[in-house]
Structure formats: C-alpha cells, structure tokens
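Heads up, the thing below is written out as structure tokens.
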Amino acid sequence: MNNDTILDNIRAMHEANEPLSAFCQFPDDVIPQPVTARHMGAKDYFSREKGLFGDAYSNIITMLQELGAKAYWRDTYAGTQISDRFMDQFGCYSLIGKNGFFHSTTMNAWMVYMPAGLYYPWHQHPAEEMYLCLAGEAVFKKQGSEDVTLQQGGIALHQSNQPHALETQKHPVLCYVVWRNELNTPPILTYENAK
Ligand code: FE
C-alpha cells in the first residue's frame, strides 16, 4: 500500500466522522516521512487478534494490520512504574506525528490496540484528545465523568490534562486517536497511580 492510499484511507475515515472533524479538521499539511520499524510484543498480539468484532472499519483494520509490520511501535511508559504486562501487551504506533508514517504541524494521530483484559492506568497530557473506537470494546474512564463502554463508532473526548484511563474486559479494542494542541508533550501517568 503506498503513502497516498494510506493517507487517503486515514483522511476518509477521519472526515466521515462528524465529532472527529469538528474536534480537529484533517490537516492539509500532511507529508510522508520515513519510519524505522520497531517491534514490540503488542505487534504480535495485534497481528494474531481475532476478537475485534464490528465491521464498520474493516478496511482500516486491515490497513493497520499491514502497517504493523513497518511501524515504530511505541514504548511510551518505559521506565515508569507501569507493569511489565502492560509494556508487553499495550499496542500503539503513530500514523501522523513523531516516528509515524506522516508529519503534520497541527495534529497527531495514532492507532491504539489493547488485547482483552488489559488496564491502561490513569494518565494525562496537555494535548486535547479524541478517541474513535474502530472495533472491539473498552471501558473509557475520565475524571469527572461516569465510565462509558464504547464499541465501533464510539467517541471519547479528553480535555487538556484531564486524567483518563482505559480498560478492556472480555474483548480487545482498536482505536484511532487524535491530538490537537501541545503535540510535543508526552503523556504522564497521573499521580494517583503512585499511591
Ligand atoms: Fe490520552
């Protein structure tokens, strides 16, 4: 799959979703950049995953699985108190942004994958964030709100530095995640985790 096709697919998915487009207009300054593939455990879980139910985004899921072989899988929480299991199983690579397939000055975009039964502890970042659930199911938690279970097409919005967490139960989840503003400040685990 060439860069134009990949970008067209991402843009089409993004622009077809009203809340996402309202949150962050798909940028017009997106340019391809070289990616050095880096393997993480989650790449293997993702490539073998059979539990991502929901076919609304099946073309995107296929693309993300293909890109998984070439992607720079991230280890965002290396060196923190996060569990070894999380480091092995939590999957994330950048589509648009640092170490991603593309660059833009106004938006970062990632895929996030979690196998069933994984907890992504409370964390925060100054960037505002929107999740689009592509397949599977997860419980989205954020400070000041009731927990919400999302499936394909579901949206979660996180304000600047609003602590949030994510948990898969019986099913895995795959999401498309977008940041706007403060693109270069990485997430940190929220203080309560350390207690
Ligand atoms: Fe976040």
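The values are calculated or read from the model by the stated rules, or taken from the named source; none is laboratory data. Since the structure is predicted, the reported quantities are computational estimates derived from the model, not experimental observations. Neighbour counts run over all protein chains shown; Cβ positions are idealised from the backbone, glycine included. These accessible areas exclude ligands, DNA and RNA; they are computed on the full protein's heavy atoms, side chains included. Shrake-Rupley method; radii C 1.70, N 1.55, O 1.52, S 1.80 Å.
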For Ala135, the residues 5 or more places away or on another chain with a placed amide H closer than 5 Å to its own amide H are Leu174
What the Cα atoms of region 16-99 span along the principal axes, largest first and in whole Å, is 37, 29, 24
Computed for region 3-181: size of charge dipole around the Cα centre, +1 on C-beta of each Lys and Arg, -1 on C-beta of each Asp and Glu, debye to nearest 20, value 420 debye
With a 1.4 angstrom probe the carbon and sulfur portion of accessible area for the chain, in percent, totals 48 percent
Summing -39500 (n - 2.57) over every DSSP H run of at least 4 in the chain, dividing by its residue total and rounding to the nearest 500, the 222 nm mean residue ellipticity is -6500 deg cm²/dmol
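Enumerate by residue number the chymotrypsin sites (Phe, Trp or Tyr not before Pro) in region 2-73 meeting two conditions: DSSP loop (anything except H, G, I, E, B), and at most 16 other Cβ atoms within 10 Å of the site's Cβ.
Sites meeting the loop and neighbour criteria: Phe53.
With the other protein chains left in place, how much accessible area per residue, in square angstrom, belongs to region 57-195 at a 1.4 angstrom probe? Don't skip to the answer; put the middle values down first.
Numbers: 5820 Å² over 139 residues.
For region 57-195, the per-residue accessible area is 42 Å².
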Ignoring ligands and nucleic acids, Ser104 exposes an accessible area, probe 1.4 Å, in Å² to the nearest 10, of 10 Å²
Within region 78-180, DSSP-loop trypsin sites (Lys or Arg not before Pro) with at most 16 other C-beta atoms within 10 Å are Lys98, Lys170
Residue by residue through region 72-89, the couplings from Karplus 6.51 cos²θ - 1.76 cosθ + 1.60 with θ = phi - 60°, in Hz, x for Gly and Pro, are 8, 6, 8, 10, 3, 9, 4, x, 9, 7, 5, 6, 4, 5, 4, 4, 6, 9
Given the candidates Pro172, Gln89, Ile10, the one whose Cα lies deepest towards the positive end of the charge dipole of region 3-181, counting +1 at each Lys or Arg C-beta and -1 at each Asp or Glu C-beta, is Gln89
Expected vector for region 169-183, Karplus 3J(HN,Hα) from phi with 6.51, -1.76, 1.60 and θ = phi - 60°, integer Hz, x for Gly and Pro, equals 10, 7, 10, x, 9, 10, 10, 9, 10, 10, 10, 10, 6, 6, 5
Cross-link reach from Lys170 to lysines, straight Cα distance under 27 Å and at least 8 residues apart if same chain, gives Lys43, Lys50, Lys141, Lys142
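Using the crude model of +1 on Lys and Arg Cβ and -1 on Asp and Glu Cβ, and no other charge, please compute the dipole size for region 1-86 relative to its Cα centre, in debye to 20. Each step should come with its number before you reach the end.
Values: 8 positive and 12 negative charges, 96 e Å.
The dipole magnitude comes to about 460 debye.
Stick to the Cα atoms of the chain, pair each with every other, and give me the Kirkwood hydrodynamic radius in Å at one decimal.
On the way: mean 1/r = 0.0599 Å⁻¹.
Radius from the Kirkwood sum: 16.7 Å.
GluC sites (Glu not before Pro), restricted to region 103-195: which are DSSP loop and have at most 10 other Cβ atoms within 10 Å?
Details: sites: Glu128, Glu129, Glu137, Glu146, Glu167, Glu182, Glu192; in loops: Glu137, Glu146, Glu182.
Passing both the DSSP loop test and the Cβ count: Glu146.
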Sorted largest first, the C-alpha extents of region 39-142 along its principal axes in whole angstrom are 34, 33, 28
